[in-house]
1. Would you call GLY132 open to solvent by 10 Å² or more (accessible area, probe 1.4 Å) and either acidic (Asp, Glu) or farther than 30 Å from GLY15 by Cα (or both)?
2. Scan the range 57-80 residue by residue and report those that are more than 7 Å from ligand 1 (Cβ to nearest atom), open to solvent by 10 Å² or more (accessible area, probe 1.4 Å) and of a type in the set (S, T, N, Q).
3. When only residues in the range 27-48 that are more than 18 Å from GLY145 (Cβ to Cβ) and among the hydrophobic types (A, V, I, L, M, F, W, C) count, which is farthest from ligand 1 (Cβ to nearest atom)?
4. Look through MET189, MET194 and report the one residue that is closer than 30 Å to ARG344 by Cα, in contact with a helix residue (DSSP H, G or I) (Cβ under 6 Å, 6 or more places away or on another chain) and within 16 Å of ligand 1 (Cβ to nearest atom).
5. Output the residues belonging to the range 265-276 that are assigned to a loop (DSSP other than H, G, I, E, B) and either within 15 Å of ligand 1 (Cβ to nearest atom) or of a type in the set (Val, Ile, Thr) (or both).
6. For a quick check of your reading: which strands (runs of 3 or more DSSP E) sit entirely within the range 136-203 and have at least 1 residues that are more than 27 Å from GLU308 (Cβ to Cβ)?
7. Given the conditions (1) within 16 Å of ligand 2 (Cβ to nearest atom); (2) farther than 20 Å from ILE415 by Cβ, which single one is not true for GLY165?
8. So, in the range 87-123, exactly how many residues are among the hydrophobic types (A, V, I, L, M, F, W, C) and either out of contact with any Ser or Thr (no Cβ under 9 Å at 6 or more places or on another chain) or surrounded by fewer than 20 Cβ atoms within 10 Å (Cβ to Cβ) (or both)?
Amino acid sequence: MSITSTELPRVCVIGAGSSGIATAKVLHERGIPFDCYELSDRVGGNWVWGNSNGVSSSYKSLHINTSRQRMEFSDFPMPDDLPDFARHDQIAAYFDAYVDHFGFRDRIRFETGVEHVARRDDGVFEVTISTGETLEYDAVAVANGHHWDPRMPEPAFPGADTFRGEQIHSHDYKHEAQLAGKRVVVLGMGNSAMDIAVDASYHAESVVLAARRGAHIIPKYLFGKPMDQLGGARLPAWLHWPLTRAMLRMSTGDLTRYGLQKPDHRFGEAHPTISGRILDRLAHGAVTPKPNIAALDGDTVRFVDGSEVGADLVVYCTGYRITFPFFDEGFVSAPDNELSLYKRVFHPEIAGLSFVGLVQPLGAIMPIAERQSQLIATQLAGGYALPHAERMQRDIECRREAIRKRYVASKRHTIQVDFDDYMRELEREMKAGARRAARGQRRPIVHTRARVATSPAAA
Ligand SMILES: Cc1cc2nc3c(=O)[nH]c(=O)nc-3n(C[C@H](O)[C@H](O)[C@H](O)COP(=O)(O)OP(=O)(O)OC[C@H]3O[C@@H](n4cnc5c(N)ncnc54)[C@H](O)[C@@H]3O)c2cc1C
Ligand SMILES: NC(=O)c1ccc[n+]([C@@H]2O[C@H](COP(=O)([O-])OP(=O)(O)OC[C@H]3O[C@@H](n4cnc5c(N)ncnc54)[C@H](OP(=O)(O)O)[C@@H]3O)[C@@H](O)[C@H]2O)c1
């Protein structure tokens, strides 16, 4: 059975960051009707420094830490003259060029936020946008990003309310002038902490890097190649990790030599901390490592080992919360950053609701968002069918259990995936879902507005 565009479901895409444009592009080329809403006046989301959406976490010195060759979309290579680890504006320009190349800019409604999404009993989504209009859609693809809503330390450190200096989250760090001449304490061992401690080491009066646990620090290059392009990354996990651990031991060695805490986990059991510069700055004494903050008092920060420093600025690089301000909390929410999704894409109970880029890969997000979008579009066109509810639930439980076993218990590790393994998983899932669709085993996406065909016509 073939399907016509009038039978295809109508889709609302929320956000035109790198994930939203990946979805919009696939829907556009497959002729699936959609509207993409974007708060900002331009695409690129997080990669637009000073974005008018007011929620970009980028800062002046930001460069990608996943090499451009691993980050580019499959059918639109990044320009050869870009550095391996390009700057934010080069990446934002690439996303702009992508939209123009595939010709769907006019399908994005800029400076238009999605304010509320609800689902009627008949399955239709009612989407209220910032103009006040409420529109109907058969499906919603959420691509609002998960690195914009700051998570401050929970609970706040004792004395935080009386500290005389300034306290900010890394989300509000925009340029080095904020650090100039100050005594700075940076908290965290993720990538934000590394970048901000390094920036501070050149501009601040003094810099302390405090952490509640140690982290393995991965250089950007190994053996003259971007670390994420070493052949091992494409090997299965059981072979990849021992190999990578051995390589890392050879390159960075014992991190306690730099004064850092010994990690309480093996490499691969936490989101990777990538920095080509922090060890150098520690070695030069330009950054002083400390354990976790115990308390703040007046203009003093005390650490759990009893030592203390005077401080003018504390930068909490403590990660982000996964939130969806346009959903009622009882409808969809992610308490403690947990949201159960089948294959990290499909809501298992709400037909037609999918999420793009809601993963924390050991690798880049963009090719993943592209493949997730292909899965969503194929489902909407009838060429992919989800399995039954119990099977989805089992898969979700297995994934959660695997994360629990492997990763350090932390709210930053609820949506982890291994880039290559997950890309292969999505490929297998596409085939499995096509077989289910061909057998006629499918969950309906639309109820009143359109119908989904049973053949994999647009796959
Ligand atoms: C400092 C930093 C550095 C990073 N570096 C890397 C890296 O090197 N490599 C990598 O792969 N990942 C990196 N990441 C992860 C980052 O999440 C991705 O690079 C990428 O930004 C994800 O794209 P996205 O489209 O999912 O989200 P975003 O880039 O956050 O885009 C979301 C978009 O949705 C829009 N939006 C949100 N809510 C609404 C609404 N209600 N209505 C309409 N529009 C809405 C926003 O305006 C925004 O444009 C980094 C993250 C941070 C914070
Ligand atoms: N391209 C780049 O160079 C770049 C730069 C910045 C960020 N990023 C990306 O942006 C995303 C977010 O990174 P991020 O570094 O901002 O956040 P993150 O990866 O979530 O790291 C948060 C850090 O804060 C610590 N932490 C959290 N709560 C704490 C508390 N209450 N007390 C003490 N420590 C606490 C965490 O420790 P635990 O591990 O113990 O939880 C962790 O070390 C990641 O995907 C990252 O790769 C990329």
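1. no
2. Of everything in the range 57-80, those that are more than 7 Å from ligand 1 (Cβ to nearest atom), open to solvent by 10 Å² or more (accessible area, probe 1.4 Å) and of a type in the set (S, T, N, Q) turn out to be SER61, GLN69, SER74.
3. Only one residue fits best here, namely ILE32.
4. MET194
5. HIS271, PRO272, SER275, GLY276, listed by residue number.
6. Of the strands (runs of 3 or more DSSP E) lying wholly inside the range 136-203, those with at least 1 residues that are more than 27 Å from GLU308 (Cβ to Cβ) span 139-142.
7. In the conditions (1) within 16 Å of ligand 2 (Cβ to nearest atom); (2) farther than 20 Å from ILE415 by Cβ, GLY165 misses (1) alone.
8. Going through the range 87-123 one residue at a time, the tally reaches 8.
The values are calculated or read from the model by the stated rules, or taken from the named source; none is laboratory data. In this text, all values refer to a predicted model and were calculated from it rather than measured experimentally. So basically every Cβ, Gly included, is an ideal-geometry build from the backbone, and we count neighbours across all protein chains shown. Accessible surface is based on the protein model in full, side chains and every heavy atom, while ligands, DNA and RNA are left aside. Shrake-Rupley method; radii C 1.70, N 1.55, O 1.52, S 1.80 Å.
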